[in-house]
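What follows is a single structure, written as structure tokens, with notes after it.
The values are calculated or read from the model by the stated rules, or taken from the named source; none is laboratory data. The model shown is predicted, which means the values in this text are computed figures rather than measured ones. When we count neighbours, we look across all protein chains shown, and the Cβ atoms used for this are built from the backbone with ideal geometry, even at glycine. Side chains included, ligands, DNA and RNA excluded: accessible areas come from the protein's heavy atoms. Shrake-Rupley method; radii C 1.70, N 1.55, O 1.52, S 1.80 Å.
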Amino acid sequence: MSENLKPCPFCGGEAKLYAGKINFYPYDHRFRVWCSKCNAMSNLFRTKDEALASWNWRVEHE
Ligand SMILES: [Zn+2]
């Protein structure tokens, strides 16, 4: 599942989407993207689309 993720802006590694519950919001899911190679991470977002958009924006602007 690639989810249209661009490679990491820092090392070119494979980016992955993480979706999970976090402690502060037990009934809510949060999404973030991280690099499987250098562990660069995006912020947490409410939706998958926001996390993807943020990651891809960073790839294009850094
Ligand atoms: Zn990386």
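Numerical summary
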{"quantity": "Matching residues, the stretch 10-34, being more than 10 Å from the chain's Cα centre (by Cα), open to solvent by less than 100 Å² (accessible area, probe 1.4 Å) and at pLDDT 90 or above", "calculated": "C11, G12, G13"}
{"quantity": "Filter result (open to solvent by less than 70 Å² (accessible area, probe 1.4 Å) and within 16 Å of the ligand (Cβ to nearest atom)) within the stretch 35-50", "calculated": "C35, S36, C38, A40, S42"}
{"quantity": "Residues of the stretch 35-49 satisfying the condition of being more than 9 Å from the chain's Cα centre (by Cα), at pLDDT 90 or above and either over 12 Å from G13 (Cα atoms) or acidic (D, E) (or both)", "calculated": "T47, D49"}
